[in-house]
Amino acid sequence: MIDKDKDHIFRMERRNFLKVCAGVGLGLTAATTLPFAGRAVTGTRSASATAMDGPVDQLVDRWTYSTCQFCATGCGLYIGTHGGKPLVVRGNPNYPVNQGLLCQKAIHQTDVLRVAGRATTPLLRRNGRLEEVGWEPALAEVATRIRDAVDRRGPASVAIYNTGQMLQEEYYVLGKLARGALGTPHLDGSPRLCMASAIVGYIRSFGSDGPPNAIEDFDDTDFVMLIGANLHAAHPVLGGRLMARLQRGGCKFVVVDPRAIQFSRLADHYLPIRPGSDVALLNGMQHVLLRDGLIDRSYIDAHTIDFDAVEALVAEYPPERAAQLCGVPAWQIEEVARAFGKAQAAMSVWCMGINQQASGVAAVNQICNLHLLTGHIGRPGAGPFSLTGQPSSMDFRQAGGGPSLVGYRRFDDDNHRREVADAWGIDPARLPKGTTPAPQIWEAVLAGDIEVLWVICSNPAVSFPDLGWTDEVLKRVPTLIVQDGYYPVETAKHADVFLPAAIWGEKTGTFTNLDRRVNLLRQAVEPIGAARSDFDIVCEVGRRLGFERMFPFQTTEEAFDEFKVLTGGRPCDMRGITYERLEREGGLRWPVPDELHPGTARRYTDGRFHRPDGRARLWAIAYEPPLEQPDAEHPFWLNTGRVQEHWHTLTKTGRIPEIMARVPEAYVEVNPDDADALGIRSGQRVRVWNRRGEVELIARVTARVAPGSLFIPFHFGEQAANRLTGQFFDPFSRQPAFKHSAVALERA
Ligand SMILES: Nc1nc2c(c(=O)[nH]1)N[C@H]1C(S)=C(S)[C@@H](COP(=O)(O)OP(=O)(O)OC[C@H]3O[C@@H](n4cnc5c(=O)[nH]c(N)nc54)[C@H](O)[C@@H]3O)O[C@H]1N2
Ligand SMILES: Nc1nc2c(c(=O)[nH]1)N[C@H]1C(S)=C(S)[C@@H](COP(=O)(O)OP(=O)(O)OC[C@H]3O[C@@H](n4cnc5c(=O)[nH]c(N)nc54)[C@H](O)[C@@H]3O)O[C@H]1N2
Ligand code: SF4
Ligand SMILES: [Mo]
């Protein structure tokens, strides 16, 4: 339940608030009351409210409690159905994250369930063609190919590439299958392209992954630095929360982004940084904090190590030098640093502009440094807040689908291995020694070491860097299994087996959002056609491979109950969570150690971190320029990212006519000076190319991008920006540098 006194978003009259949000194009809609009028509602909530939002609501005969399937803001909502058919979604006004608000993609969620192009039948390649088959031959083929690969070449000949969009319970069973049953080290997913640098950075600074902040920090802060996060496009409801805070006044607001985003118009300081130079800027800011005595010595002494190293390094970054490296004037670096140091509660908010660079981990560590040096952490309104993007990439991280064993356990810790192995009834030696980042899985395929690649809930044929390379991987792997909610999808082009998956709305389970709030999604409709949930498919494959005992689950709730025991005493402790509690209380933020525990808004409130002696580590890291930079032949920086209307590789939003009408194809933003020099006008077709590939698209001439810089939304498979991005990775996280490539531009 929301506490009305803390309901900052609506301190402003709701209509004014929505008007203000419309002003920056946030495109939010609001449900002000629970949408049900005495009709059937799932769970325990009483159906007392009466108001309706529109005529379609009158047709609804059942409202089902759920969470948005798109971004990691994790807005609460209800799915309205009639006779078991999806009709409409409405924001849950009692949900603390969004208080009834939804953004423009979100209102199409019921449409994406039933559009043409949903996958309804398993497919099997016979005589070179994918033919419709039943589940029995499809699953038999999957089991045979995996068993055969393991028998002939060992478990490491099987690789699984998953996602940030499955249910938490689905990661749990997938990790159990890959690591516990098969014992392959090759399990990774698209969060490698997204969260890897934040994960590694948090672990290096604090000893533990997972954001420390609470979403209410947006209400309580008096200094926000948005650094490489375009809230307007990517987290609109969070953008609304920030708008409300800025409207109340008394909050300094800084935007650091090479491209002018909607929010830069509202900033006290907009820093149009040179691409990939955040580490230089952040070192310059630390220099000013130290020089001007704006650090918190007692916090540093009590809670951190390696201050001396940082002091020595940042001495080399006086604002004038930092300015030369990052292109932001020295006076502005000084002012921003001083405002940060003097704030009561300062917060940094970042997303892909930081993680998707070759110095992503370094930049994350420098952001954490700022907060540790000033004690701006563990208090309301303060902290280094990494925004997750996909709706369940936190679950990928914590439930064992990604870089760690279940419950953020380490592969190199014998106790951790034993805890997991005991719970699963296996020998710890069966668990792989470590885990392979996706780019190395790609290399292993090309080296001939992988027999089976199973892609679940991701479309790397559009979203992976250097698509020429990725195409080769998908073509060359002896067996490619693709499991997706839609067909056709680009990644399935070379599939040997295609498995149709039930999606959001058709299955029950949990998602964890960007402030660690676990929430429930209840099934509202039956899966389309013969589609089955990823949970059922993975468990069934496990049983067919002979691991019946490890996959006894009938429901995701049973798997959740097994999983949550394994979170006991871990940072992501969920022992106090039940599905029933999630629906009754509007989600719960981990850690939640027992059933009376109310959940945890903020981490590190006592200044104790998950490192030796409980101390966080300060990192001294010199600035390194991006791995690829413009040259005479490729004179432009290419930046790639999102638009508000579309979701990723268009498998969902590309099938909605209203959305396609708004953004029908890819485009490239070109600065007016460059456009003049090249004789390019808005609306003309242009060619963007480099040694890896080329795309033809429409030019949009706009001063949003700096001279010498271009921006292309990465959503469109036909005009994929990733034909131009390269194999440049952060050395620690192996996350691709999607934001910084060198390209040439000419009229088509
Ligand atoms: N509508 C919509 N929303 C989404 C998604 C979607 O596909 N569509 N996807 C979700 C997912 S998975 C994610 S990860 C998030 C991503 O959310 P964001 O990261 O906010 O979105 P992006 O557009 O990828 O990039 C963010 C910003 O980084 C800036 N940037 C580029 N280079 C640099 C640099 O060197 N330094 C700095 N400081 N900034 C730089 C870009 O100009 C851009 O404005 O969005 C989530 N929300
Ligand atoms: N150039 C460039 N490239 C980027 C980025 C960038 O900023 N620039 N951003 C990167 C980031 S941050 C991310 S997160 C990735 C995202 O990249 P992807 O992971 O490829 O994103 P999606 O298109 O959402 O892929 C999800 C797939 O799962 C399917 N699907 C949906 N629901 C279900 C389900 O319940 N079960 C199953 N089995 N399938 C389902 C969808 O149809 C779709 O094919 O892209 C990355 N690529
Ligand atoms: S902000 Fe994200 S979670 Fe909220 S409604 Fe929009 S897409 Fe869904
Ligand atoms: Mo992402």
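The values are calculated or read from the model by the stated rules, or taken from the named source; none is laboratory data. Owing to the predicted nature of the structure, the values given are computational and were not obtained by experimental measurement. Here the Cβ positions follow ideal geometry from the backbone for every residue, glycine too, while neighbour counts run over all protein chains shown. Keep in mind that these areas ignore ligands, DNA and RNA; they rest on the heavy atoms of the full protein, side chains included. Shrake-Rupley method; radii C 1.70, N 1.55, O 1.52, S 1.80 Å.
Observations, loosely collected:
- Against the criterion of being open to solvent by 10 Å² or more (accessible area, probe 1.4 Å), within 21 Å of the chain's Cα centre (by Cα) and within 16 Å of ligand 1 (Cβ to nearest atom), Gly401 does not qualify.
- Among residues of segment 712-731 that are under 23 Å from Leu650 (Cβ atoms) and open to solvent by less than 10 Å² (accessible area, probe 1.4 Å), those with a beta-carbon under 9 Å from a residue that is assigned to a helix (DSSP H, G or I) and among the polar types (S, T, N, Q) at least six positions away or on a different chain give the pairs His715/Thr653; Ala720/Ser463; Asn722/Ser463; Asn722/Thr470.
- Scan of segment 212-238 for residues that are open to solvent by less than 10 Å² (accessible area, probe 1.4 Å), in a loop (DSSP other than H, G, I, E, B) and either hydroxyl-bearing (Ser, Thr, Tyr) or away from ligand 2 (no atom under 16 Å from the Cβ) (or both), ordered by number: Pro212, Asn213, Ala214, Ile215, Thr221
- Within segment 64-75, residues that are modelled with pLDDT of 95 or more reach partners that are of a type in the set (Phe, Trp, Tyr) and within 15 Å of ligand 2 (Cβ to nearest atom) with beta carbons closer than 8 Å, at six or more positions or on different chains, in the pairs Ser66/Trp504; Thr67/Phe511; Gln69/Trp504; Phe70/Trp647; Gly74/Phe511.
- Residue in segment 164-173 that is away from ligand 2 (no atom under 16 Å from the Cβ) and in contact with a strand residue (DSSP E or B) (Cβ under 6 Å, 6 or more places away or on another chain) present: no
- Subset of segment 458-477 (residues that are assigned to a helix (DSSP H, G or I) and among the small types (Gly, Ala, Ser)): Ala461, Ser463, Gly468
- Hits in segment 166-199 (condition: open to solvent by 10 Å² or more (accessible area, probe 1.4 Å), part of a helix (DSSP H, G or I) and more than 16 Å from ligand 1 (Cβ to nearest atom)): Leu182
- Identity of the residue in segment 552-585, among the basic types (Lys, Arg) and not in a helix (DSSP H, G or I), that ends up farthest from Thr510 (Cα to Cα): Arg570
- Of the candidates Thr512, Thr556, Thr508, Thr605, the single residue that is within 16 Å of ligand 3 (Cβ to nearest atom) and among the β-branched types (Val, Ile, Thr) is Thr512.
- Positions within segment 263-276 being under 17 Å from Asn639 (Cα atoms), surrounded by fewer than 24 Cβ atoms within 10 Å (Cβ to Cβ) and in contact (Cβ under 8 Å) with a residue 60 or more places away in the chain, in sequence order: Leu271, Pro272
- One residue alone among Leu431, Leu474, Leu453, Leu480 is crowded, with 21+ Cβ neighbours inside 10 Å, under 20 Å from Ala721 (Cβ atoms) and in the same structural domain as His186 (by TED's automatic domain parsing), and that residue is Leu474.
- Some residue of segment 615-622 being at pLDDT 95 or above, outside any loop (DSSP other than H, G, I, E, B) and within 30 Å of Gly485 (Cα to Cα): no
- The strands (runs of 3 or more DSSP E) located wholly in segment 48-150 that include 2 or more residues which are more than 16 Å from ligand 4 (Cβ to nearest atom) and open to solvent by less than 10 Å² (accessible area, probe 1.4 Å) occupy 62-67, 76-82, 85-91, 101-103.
- Taken together, the criteria exclude Ala559 from residues that are within 16 Å of ligand 2 (Cβ to nearest atom), surrounded by fewer than 20 Cβ atoms within 10 Å (Cβ to Cβ) and of a type in the set (A, V, I, L, M, F, W, C).
- For beta carbons closer than 9 Å, sequence separation of 6+ or different chains, a first residue in segment 482-499 that is within 13 Å of Thr163 (Cβ to Cβ) and a second that is open to solvent by 10 Å² or more (accessible area, probe 1.4 Å) and among the acidic types (Asp, Glu), the qualifying pairs are Val482/Asp496; Thr491/Asp484.
- Taken over segment 613-644, the criterion of being within 16 Å of ligand 3 (Cβ to nearest atom) and free of Cβ contacts under 8 Å to residues at least 60 places away in the same chain is satisfied by no residue.
- Among the numbered conditions (1) away from ligand 4 (no atom under 16 Å from the Cβ); (2) aliphatic (A, V, I, L, M); (3) assigned by TED's automatic domain parsing to the domain that holds Gln554, the only one that Met166 does not meet is (1).
- Checking each residue in segment 599-630 for being of a type in the set (Val, Ile, Thr) and farther than 19 Å from Gln735 by Cα picks out Thr600, Thr605.
- The single condition from (1) outside any loop (DSSP other than H, G, I, E, B); (2) in contact with a helix residue (DSSP H, G or I) (Cβ under 7 Å, 6 or more places away or on another chain); (3) without any contact (Cβ under 8 Å) to a residue 40 or more places away in the chain; (4) not aromatic (Phe, Trp, Tyr) that Gly654 fails is (3).
- In the set (1) closer than 26 Å to Cys71 by Cβ; (2) over 21 Å from the mean Cα position of the chain (by Cα), the condition left unmet by Gly529 is number (1).
- The set of residues in segment 640-673 that are within 16 Å of ligand 4 (Cβ to nearest atom) and either open to solvent by less than 50 Å² (accessible area, probe 1.4 Å) or on the phi > 0 side of the Ramachandran plot (or both) comprises Thr640, Gly641, Val643, Gln644, His646, Trp647, His648, Thr649, Leu650, Thr651, Lys652, Thr653.
- Residue within segment 609-621 that is open to solvent by 10 Å² or more (accessible area, probe 1.4 Å) and farther than 30 Å from Val314 by Cβ present: no
- Selection of segment 191-245 for residues being among the hydrophobic types (A, V, I, L, M, F, W, C), within 19 Å of Cys21 (Cα to Cα) and within 16 Å of ligand 3 (Cβ to nearest atom) yields Ile215, Phe218, Leu226, Ala229, Leu231, Ala233, Ala234, Val237, Leu238, Leu242, Met243, Ala244.
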